[in-house]
1. Which loop trypsin sites (Lys or Arg not before Pro) in region 374-441, with loop taken from DSSP, have no more than 10 other Cβ atoms within 10 angstrom of their Cβ?
2. Which value, in debye to the nearest 20, describes the size of the charge dipole of the chain about its Cα centre when Lys and Arg Cβ atoms bear +1, Asp and Glu Cβ atoms bear -1, and nothing else is charged?
3. Take the chain, mark every one of the GluC sites (Glu not before Pro) that falls in a DSSP loop and has at most 12 other Cβ within 10 Å, then report the longest stretch left between them, sites excluded.
4. Restricting to DSSP H runs of at least four residues, report the calculated mean residue ellipticity at 222 nm for the chain, -39500 (n - 2.57) per run over all residues, nearest 500 deg cm²/dmol.
5. Tell me the per residue accessible area of the chain using a 1.4 Å probe; a whole number in Å² is fine.
6. If each of ARG230 and ALA390 carries a label point 7 Å out from its Cα toward its Cβ, how far apart are those two points in nm?
7. Towards the positive end of the charge dipole of the chain, with charges on Cβ (+1 Lys, Arg; -1 Asp, Glu), say which of LEU166, VAL213, ALA252 has the farthest Cα.
8. Quick check: net charge around LEU271, other residues with Cβ under 12 Å of its Cβ, Lys/Arg +1 and Asp/Glu -1?
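The values are calculated or read from the model by the stated rules, or taken from the named source; none is laboratory data. Just so it is clear, the structure is predicted and the values come from calculations on it, not from any experiment. As a convention, Cβ positions derive from the backbone with ideal geometry for all residues, glycine included, and neighbour counts pool all protein chains shown. To get the accessible areas, we keep the full protein, side chains included, count just its heavy atoms, and leave off ligands, DNA and RNA. Shrake-Rupley method; radii C 1.70, N 1.55, O 1.52, S 1.80 Å.
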Amino acid sequence: MAATSTTGEAPSLRRTVTTAGLFFFILGDVLGAGVYVLAGEIAATAGGAVWVPLLIALLLALLTAGSYAELATKYPKAGGSSHYTTRAFGPFVGFLVGFCMLSAGIVSVGTLSLGFAGDYLTEFVTLPTMLVVAAFLALLAALNARGISESMGANRVATIIEVSGLLLVIVLGVVVVARGDGDLGRLAELGTPENGPVSAALAGAVLAFYSYVGFETSVNIAEETKDPARSYPRALFGALIVAGVVYLLVGAAASAAIPTEDLAESTAPLLQVVTAAGIVPPVVFSVVALVAVANGALLTGIMSSRLAYGMARDGLLPSVLTRLLPRRRTPWVAILVTTGLSLVLALTGTLEVLAGTMVLLLLVVFTAVNAAALALRRDRVQTRHFRVPAFLPIAGIVSCLGLATQVDAEVWRLGVPFLALAALLAGIAAWRHRRRGTPAA
């Protein structure tokens, strides 16, 4: 349902991205490493019906995706969540949202580093977790500082490997059940001794939500899409639905093939399915999983360091973060700082708490974006853009607030300092904007 008007201003970048190209870009972003390491945590929280929290998280992600589809096609040259919220509510909220995005990236890298150091790696070597985390993050920082390749070939290969691994789990899960070694009854077991069915499903959805994040970064290439009003919504919703179907099948396969208590105790839950099937050597799948985790951590680390650099360049963070390597022209200080913070979080947190903290930070971002979609309805633009019914952003806000009520107290203890620091820095940024007379948008 596109809202029409007169022709908009000429783009500054070439519009070369097709609907199919955008679809695969978003799918590759969403089908990342989260499910490789979090399926067991979801089982521990929700019980054997792992697919239920995954389905709830998908539906909630689609609500917020509607707001992103409207805003990205309405402002195809915008800078994403921070720009939308600055335009709608001013620099304070815009900076708060930008800082939460930055913090979420830093937390995510810490989460994935713990996943890399888990049971997938122990198929090859057993080393102290903290040593592996430190070495892993140091290597990522070195690769990040070296520079970003202009070719997307490596990312395509990594995405193919990730998706192939998930499809393999589905097939092997079916094999285990077909030969009588699984139990389909576990798919209906929702709840744990600590949580009833409803609270278990919602608490599990908080963790499952982690698996769907990534779609929000696709707004950055809306300007390069041939027909954003047509292509972006189709690619966004299509990619989320395909990813959701894959995740639901993976969750069902893992739960049916492996006893819930075994799944819940593993930091390499999908490896349990491969081992149970006995067809594919576990080391082969471990390589697939490690590639998925490492690729996700590297891409997120690149995003975080560039976001920190950009905010510093705009005067929102200390200027030291803008320093570049002379030859590589990469933001080495921003890379060191964001990597160092990820290391601290990995050394002091757990997989479940860090994943929950990232979701909490993104819930703040998504709530603000949904509110911005409503507030900017009054802003008339001379471009044809996608438009969602007003009740969907409202439902998105309600869903984000509802998920926030299910966030564990330990996650709040880690997340609140991030939010407090974001609010403090946002206040300073807003004061500086007023002092300079800088427009809000």
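1. Values: sites: ARG377, ARG378, ARG380, ARG384, ARG387, ARG413, ARG432, ARG434, ARG435, ARG436; in loops: ARG380, ARG384, ARG387.
Answer in residue order: ARG380.
2. On the way: 28 positive and 24 negative charges, 517 e Å.
With only Lys, Arg, Asp and Glu charged at Cβ, the dipole is about 2480 debye.
3. On the way: sites that count: GLU9, GLU150, GLU194.
Formally, the longest exposed-site-free interval is 195-441.
4. Numbers: 16 runs with 302 residues, N = 441.
Roughly -23500 deg cm²/dmol at 222 nm, from the helical runs in the chain.
5. Numbers: 18300 Å² over 441 residues.
Per-residue accessible area for the chain comes out at 41 Å².
6. Those two pseudo-labels are separated by 3.0 nm.
7. Going by the charge dipole, the pick is VAL213.
8. Details: positive: none; negative: ASP119, GLU123, ASP262.
Local charge sum for LEU271: -3.
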